Amino acid sequence: MAKQKYYVVWVGKVPGVYTSWSECQEQVNQFTDAKYKSYESKSEAETAYQLGWKKSWGLAKAGATKDAGKPKKTTESTIAMNEQIDYNSISVDVGTHGNPGPVEYKGVDTQTGDILFSYGPIRKGTNNLGEFLAIVHGLAYLQKLGSDKTIYSDSVNALKWVKQKAVSSTLVRDESTAEIWQLVDRAVLWLKTNSYKNKVTKWQTKEWGEIKADYGRKS
């Protein structure tokens with residue numbers, strides 16, 4: 001069961017402390033320069049809300065004074081806090097039953113959650129390979145539409161493979177994995193023979209909650 005998080009909205013439609021990502025999202029969705037952040041406890045969130053966003057962003061804990069006055073390091077977490085979700089985008093995710101195991105993936109409209117494309121199940125594969133296929137499928141899909149929309153993925157490895165136009169997986173090539181490897185090889189070839197202007201970037205799960213395309217199969 002996922003740990004309860006609390007979401008502070010300093011600048012949004014209705015500022016306050018919320019107990020779910022969906023409630024927070026309602027307040028910041030399409031709100032220019034919205035300011036919000038997630039916290040692990042209610043007291044921490046309430047303190048941060050009272051302090052205001054200018055004093056709370058970038059602090060490990062609301063009101064923390066350790067190393068006060070020292071320049072704060074720029075980290076993935078602080079970048080995510082300042083980054084806003086681009087809702088004019090596609091979010092992709094993979095669903096598996098075991099890793100390796102049967103694989104399926106889909107791409108959805110980040111704004112509405114509507115499924116734009118899906119594939120599978122593939123007989124046997126891994127989370128990362130499925131995510132890689134989903135990203136490339138998304139790029140090909142947007143290319144046909146002539147769209148420059150952003151693509152979000154929560155897989156660091158898959159994003160790296162797309163950038164490198166090559167995969168590095170320990171999944172053996174045999175009869176049981178022939179289908180996914182055929183698809184992966186075709187996807188790699190597509191990347192090497194096509195260009196795109198779309199931004200392909202990491203979905204910040206810690207700050208934004210589960211990606212819109214999530215299959216909800218996490219234990």
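What's the total number of residues in the range 110-132 that are modelled with pLDDT of 95 or more, open to solvent by less than 30 Å² (accessible area, probe 1.4 Å) and within 22 Å of Gln204 (Cβ to Cβ)?
Residues in the range 110-132 being modelled with pLDDT of 95 or more, open to solvent by less than 30 Å² (accessible area, probe 1.4 Å) and within 22 Å of Gln204 (Cβ to Cβ): 3 in total.
Listed here are the residues, each with its yes/no results for (1) among the β-branched types (Val, Ile, Thr); (2) closer than 21 Å to Asn99 by Cβ.
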| position | (1), (2) |
| --- | --- |
| Lys124 | no, yes |
| Asn128 | no, yes |
| Tyr141 | no, no |
| Lys144 | no, no |
| Ile151 | yes, no |
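Could you list, in sequence order, the residues of the range 170-219 that are surrounded by fewer than 16 Cβ atoms within 10 Å (Cβ to Cβ), touching a Gly at 6+ places or on another chain (Cβ under 7 Å) and charged (D, E, K, R)?
Of everything in the range 170-219, just one residue is surrounded by fewer than 16 Cβ atoms within 10 Å (Cβ to Cβ), touching a Gly at 6+ places or on another chain (Cβ under 7 Å) and charged (D, E, K, R), namely Arg217.
One line per residue, one yes/no per condition, for (1) assigned to a loop (DSSP other than H, G, I, E, B); (2) of a type in the set (A, V, I, L, M); (3) closer than 20 Å to Asp154 by Cα; (4) at pLDDT 80 or above:
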| residue | (1), (2), (3), (4) |
| --- | --- |
| Phe31 | yes, no, no, no |
| Ala48 | no, yes, no, yes |
| Ala60 | yes, yes, no, no |
| Thr65 | yes, no, no, no |
| Met81 | no, yes, yes, no |
| Tyr87 | yes, no, yes, yes |
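Name the residue that is farthest from the chain's Cα centre (by Cα), counting only residues in the range 133-156 that are surrounded by fewer than 24 Cβ atoms within 10 Å (Cβ to Cβ) and small (Gly, Ala, Ser).
Gly146
Which of (1) at pLDDT 95 or above; (2) open to solvent by 10 Å² or more (accessible area, probe 1.4 Å); (3) outside any helix (DSSP H, G or I) does Leu159 not meet, given it meets every other one?
Answer for Leu159: the failing condition is (3).
Could you say which residue among Thr74, Thr19 is loosely packed, with under 15 Cβ neighbours inside 10 Å and modelled with pLDDT of 80 or more? Even if it seems obvious, please write down each step before you answer.
Values: Thr74 fails: modelled with pLDDT of 80 or more.
None of the others qualify; the one that does is Thr19.
The values are calculated or read from the model by the stated rules, or taken from the named source; none is laboratory data. Values in this document were obtained by computation on a predicted structure and should not be read as measured data. Because the Cβ atoms are built from the backbone with ideal geometry, glycine has one as well, and the counts that use them run over all protein chains shown. Please note that ligands, DNA and RNA were not included when accessible areas were found on the heavy atoms of the full protein model with its side chains. Shrake-Rupley method; radii C 1.70, N 1.55, O 1.52, S 1.80 Å.
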